[in-house]
1. Can you find a residue that is part of a loop (DSSP other than H, G, I, E, B), out of contact with any strand residue (DSSP E or B) (no Cβ under 6 Å at 6 or more places or on another chain), without any contact (Cβ under 8 Å) to a residue 40 or more places away in the chain and not β-branched (V, I, T) anywhere in segment 76-89?
2. Hey, could you check segment 233-266 for residues that are free of Cβ contacts under 8 Å to residues at least 24 places away in the same chain and either open to solvent by less than 30 Å² (accessible area, probe 1.4 Å) or in contact with an Asp or Glu (Cβ under 6 Å, 6 or more places away or on another chain) (or both) and say which is farthest from R316 (Cα to Cα)?
3. Can you tell me which of L153, L73 is open to solvent by less than 30 Å² (accessible area, probe 1.4 Å) and either more than 18 Å from F30 (Cα to Cα) or modelled with pLDDT of 90 or more (or both)?
4. Here are A120, A166: which of them is surrounded by 20 or more Cβ atoms within 10 Å (Cβ to Cβ), in a helix (DSSP H, G or I) and of a type in the set (G, A, S)?
5. Report the residue count in segment 284-323 for those that are of a type in the set (D, E, K, R) and open to solvent by less than 40 Å² (accessible area, probe 1.4 Å).
6. Considering only residues that are part of a helix (DSSP H, G or I) and among the charged types (D, E, K, R), look in segment 220-232 and name the one that is most open to solvent (accessible area, probe 1.4 Å).
7. So which residues in segment 141-163 are under 24 Å from V49 (Cα atoms), touching a residue at least 60 places away in the same chain (Cβ under 8 Å) and assigned to a helix (DSSP H, G or I)?
8. List, please: which pairs have Cβ atoms under 9 Å, are six or more places apart or on different chains, and start with a residue in segment 15-29 that is surrounded by fewer than 16 Cβ atoms within 10 Å (Cβ to Cβ) and end with one that is among the charged types (D, E, K, R)?
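The values are calculated or read from the model by the stated rules, or taken from the named source; none is laboratory data. Since the structure is predicted, the reported quantities are computational estimates derived from the model, not experimental observations. Virtual Cβ from ideal backbone geometry, glycine too; neighbours counted across all protein chains shown. Only protein heavy atoms, including side chains, enter the accessible area calculation; ligands, DNA and RNA are left aside. Shrake-Rupley method; radii C 1.70, N 1.55, O 1.52, S 1.80 Å.
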Amino acid sequence: MRVHFSTDGLPPVDRVRFWCDYFAQQVHSFTPGEIPDATAFRAEAAGQVAGGFALLDIETGLERARRTRADILKDKTEAVYIRRFRRPLIWRAGPGSTPVDLEHEPGDFCVSSTEWQFDAESKGPASFRVLVIPHAALSPLLSGGRLARPFRLPAASPLGSLLAAAIDAANMQIPLLSDELGEAVLRNLSGLVALACGASDEGAEQGRQSVRTNQLAAVKRYADSHLADPHLTPANAAAALGISPRQLHRLFEPTGVSFARYVLRQRLLRCRDAVAGATGTGRSIVDIAFGWGFNSMATFYRAFTSEFGGAPAVLRAASRRGD
């Protein structure tokens with residue numbers, strides 16, 4: 001379910017209180033730091049919530065926020081939180097929590113849970129994306145069933161890069177999906193988070209599967225954006241994504257469709273749409289085929305006819321009669 005909240009329409013004196021209440025409802029309770037001018041305060045949250053999961057973009061005028069023992073006692077549910085900060089931030093553990101001081105640069109992740117107190121200070125108004133995973137969903141995937149301690153996951157680390165790509169993709173896909181499928185997409189991120197946290201045997205396997213799923217999605221996105229390049233090959237796609245050609249081919253094996261077959265079909269689909277649709281008006285079939293990466297018309301005609309059961313000219317004529 002899509003959610004959006006902004007303090008802009010609220011009376012200035014009520015904005016901080018309403019923001020704290022809303023954040024507690026969607027993420028967790030906290031205590032705001034000092035606010036020099038509460039009447040100028042503004043905050044906004046937008047994103048998706050489904051089945052106890054949430055993926056939200058947060059913009060707030062707060063530069064400091066604490067989670068106290070009293071805040072922990074207010075919350076009735078347990079969850080793990082993965083924040084990705086857009087500004088530098090220092091995250092310090094509160095009294096009675098695992099003693100860690102974490103310095104985050106833009107793009108880094110902070111992984112914590114409801115059980116820990118903290119004192120966080122941002123360099124400028126806090127801005128971050130937060131993924132909320134219910135403890136019940138993540139616990140079976142974690143060694144010992146719990147997060148051992150809060151930690152920083154650097155943006156440049158292999159898992160950090162994968163998690164960032166997966167969360168960004170989920171943020172784009174979920175608004176297009178039903179609530180049930182949106183929850184499934186968010187739940188799928190649990191495997192990657194479990195790998196970062198220290199996974200159980202079950203979690204490690206799910207995490208590896210999540211890694212493979214996200215790597216395959218990254219390869220397909222790369223291929224889709226380079227279909228017009230006649231020199232698109234498994235080797236240069238693998239090099240661009242930092243994996244070996246063998247790894248790339250192994251990602252496609254469970255699908256039963258090779259990289260070359262995937263690229264061919266996507267090119268044919270683009271050509272079919274151009275031949276039969278308005279985007280191809282005034283363009284020759286040769287121009288369309290070469291424009292989508294084919295370098296042999298014989299290969300194009302043979303593949304097109306095999307895929308769609310007729311020649312491009314026949315499809316174009318049929319579409320014009322339908323107009």
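1. Let us first name the residues in segment 76-89 that are part of a loop (DSSP other than H, G, I, E, B), namely 76-78, 86-88.
Filter again for out of contact with any strand residue (DSSP E or B) (no Cβ under 6 Å at 6 or more places or on another chain), leaving 76-78, 88.
Those left that are additionally without any contact (Cβ under 8 Å) to a residue 40 or more places away in the chain: 76, 88.
Checking the rest, the ones that are also not β-branched (V, I, T) come to 76, 88.
Taking every residue of segment 76-89 in turn, at least one turns out to be part of a loop (DSSP other than H, G, I, E, B), out of contact with any strand residue (DSSP E or B) (no Cβ under 6 Å at 6 or more places or on another chain), without any contact (Cβ under 8 Å) to a residue 40 or more places away in the chain and not β-branched (V, I, T).
2. Checked segment 233-266; the qualifying residue farthest from R316 (Cα to Cα) is A238.
3. On the way: L73 fails: open to solvent by less than 30 Å² (accessible area, probe 1.4 Å).
From the options L153, L73, the qualifying one is L153.
4. Values: A120 fails: in a helix (DSSP H, G or I).
Checking each option against the conditions leaves just A166.
5. Of all residues in segment 284-323, those of a type in the set (D, E, K, R) come to 287, 302, 307, 316, 320-321, 323.
Then drop every residue that is not open to solvent by less than 40 Å² (accessible area, probe 1.4 Å), which leaves 316.
Going through segment 284-323 one residue at a time, the tally reaches 1.
6. Looking only at segment 220-232, we keep the residues that are part of a helix (DSSP H, G or I), and these are 220-225.
Now drop any that are not among the charged types (D, E, K, R), which leaves 220-221, 224.
Values: K220: 63, R221: 108, D224: 56 Å².
Checking each candidate, the answer is R221.
7. Result: L141, L163.
8. A24/D71; A24/K74; A24/D75
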